[in-house]
Amino acid sequence: MDEEKRILQELASSWVSLAAEYAGDAPGVTAYYIYGSDERGASTANAYFEQDGVVVFPSDLVGTDASVGTVREMQSLLMDDMEAAADAFTAAGIPAPTEYRLEYIVEGGKLDFQLSREELYGPGGREKSQIEGIEYWLGDRAPKLIPGD
């Protein structure tokens, strides 16, 4: 297995485990969507959950501990994993991705992991910030950080 695949498999495994642990036994959860972005000295990572056909922020997931502390801990661990992957890419002489899009279908364990190495945010890039990257990925299905936006 080449080094890039190994790094990505470790990241995907950790991220899916974190999302599963966070979701716990929440009813109606059919998918996890994990979005990460790391470019121009700024980074973000968050997990989103499809529950009863609607993609929700982790704080809106019904049937789990969605307290601020628990959400922040999960986000911090996602960020730590992304940083460790970036360090591993650098050590291997491989350019680190700037964007990570992981979709995991709970039933059947189907995983789709997409990457980008383009700088997407900042001057000449996308209008919205990295924190709204889920909206670029999932479009109208994504929960809105700013309602009505």
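The values are calculated or read from the model by the stated rules, or taken from the named source; none is laboratory data. On a predicted model such as this, the values are computed, not experimentally measured, just so you know. Cβ atoms come from the backbone with ideal geometry, glycine included; neighbour counts cover every protein chain shown. Ligands, DNA and RNA are stripped out before the accessible areas are found, and what is left, the full protein with its side chains, is counted by its heavy atoms. Shrake-Rupley method; radii C 1.70, N 1.55, O 1.52, S 1.80 Å.
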With all protein chains present and a 1.4 Å probe, the order of Glu4, Glu119, Glu50 from largest accessible area down is Glu119, Glu4, Glu50
Relative to the first principal axis of the alpha-carbon coordinates of the chain, what is the inclination of helix 3-23, with its axis defined by its Cα atoms, in degrees from 0 to 90 and to the nearest 10? 20 degrees
Carbon and sulfur atoms account, in whole percent of the 1.4 Å probe accessible area of the chain, for 49 percent
Given N residues in the chain, what is Rg(Cα) / (2.2 N^0.38 Å)? 1.02
Just to confirm, what accessible area per residue do you get for the range 54-134 at 1.4 Å probe, in whole Å²? 55 Å²
What length, rounded to one decimal in nm, is gained on full extension from Lys110 through to Ser17, with 0.36 nm per residue of separation minus their alpha-carbon distance? 32.1 nm
Given charges at beta-carbon only (K, R positive; D, E negative), |dipole| of the range 1-58 in Debye: 80 debye
From the backbone phi of the range 84-96, what are the Karplus-calculated ³J(HN,Hα) couplings (6.51 cos²θ - 1.76 cosθ + 1.60, θ = phi - 60°) in whole Hz, Gly and Pro given as x? 5, 5, 4, 5, 5, 4, 4, 4, 8, x, 10, x, 6
Apply the Karplus parameterisation 6.51 cos²θ - 1.76 cosθ + 1.60, with θ equal to phi minus 60°, to every residue of the range 27-34 and state each ³J(HN,Hα) to the nearest whole Hz, in sequence, with x for glycine and proline. x, x, 7, 10, 7, 10, 10, 10
If you average the sequence gap of Cα pairs under 8 Å that are 6 or more apart and divide by the length of the chain, what percent do you get for the contact order? 25 percent
